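The structure appears below as structure tokens.
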Amino acid sequence: MTIMDPIADMLTRVRNALQRRHAEVAMPSSKLKLSLAAVFKAEGYISDFAVTERDGRPILTITLKYAEGKPAIQSLRRASRPGLRMYRGKDELPRVLGGYGVAIVSTAQGVMSDRAARRAGVGGEVLCLVA
């Protein structure tokens, strides 16, 4: 089965696992998914992530984070999608929940949070919004 939007698939798997209170979630791995997971971990939304191999294919396993029974990720939404890309300059990057959430941006310098992109003075494609 071909996945048309791998990022949306990743976000949906994480949302579903959080709803069912799973400890971890596994999915096919890619460089972009690893970058997203690294930003999630740096921002404190997940506990850890690891890449293993199953049948010769890389599998990304994300260990989800809960605080007092509530998931660390309350909202996870795809911003830019294949049908409507969302590119923003450094001054136009969205603020999620007035700065309490994070917009994850794909820039020329790599995938980073909106705060890091503003600090670096770069804009890019807004991949997803996390709160």
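The values are calculated or read from the model by the stated rules, or taken from the named source; none is laboratory data. Quick caveat: nothing in here was measured; it's all calculated off a predicted structure. For neighbour counting, all protein chains shown are included, and Cβ atoms are generated from backbone atoms with ideal geometry for every residue, glycine included.
If you check Ile62, Ile73 for being in a loop (DSSP other than H, G, I, E, B) and in contact (Cβ under 8 Å) with a residue 24 or more places away in the chain, only one passes: Ile73.
What residue, of Gly69, Gly44, is at pLDDT below 95 and of a type outside the set (Val, Ile, Thr)?
Values: Gly44 fails: at pLDDT below 95.
The match here is Gly69.
State yes or no: is Leu93 outside any loop (DSSP other than H, G, I, E, B), surrounded by 17 or more Cβ atoms within 10 Å (Cβ to Cβ) and modelled with pLDDT of 95 or more? No; evaluated as a whole, the condition is false for this residue.
Within the range 96-108, the residues that satisfy the criterion of being without any contact (Cβ under 8 Å) to a residue 24 or more places away in the chain and either in a helix (DSSP H, G or I) or under 19 Å from Ile73 (Cβ atoms) (or both) are Gly98, Gly99, Val105. Would you confirm whether any residue within the range 21-31 is farther than 22 Å from Leu84 by Cα, part of a helix (DSSP H, G or I) and in contact with a strand residue (DSSP E or B) (Cβ under 6 Å, 6 or more places away or on another chain)? The answer is no; no qualifying residue exists. Scan the range 1-50 for residues that are over 21 Å from Lys70 (Cα atoms), among the aliphatic types (A, V, I, L, M) and surrounded by fewer than 13 Cβ atoms within 10 Å (Cβ to Cβ) and the total you get is 3. Looking across the range 96-131 at every residue that is crowded, with 18+ Cβ neighbours inside 10 Å and of a type in the set (Gly, Ala, Ser), the one that is nearest to Leu18 (Cα to Cα) is identified as Gly101.
Considering each of Ala38, Ala23, Ala42 in turn, give the residue that is free of Cβ contacts under 8 Å to residues at least 60 places away in the same chain and of a type in the set (A, V, I, L, M). Write out each step before concluding.
Values: Ala38 fails: free of Cβ contacts under 8 Å to residues at least 60 places away in the same chain; Ala42 fails: free of Cβ contacts under 8 Å to residues at least 60 places away in the same chain.
Exactly one of Ala38, Ala23, Ala42 is free of Cβ contacts under 8 Å to residues at least 60 places away in the same chain and of a type in the set (A, V, I, L, M), namely Ala23.
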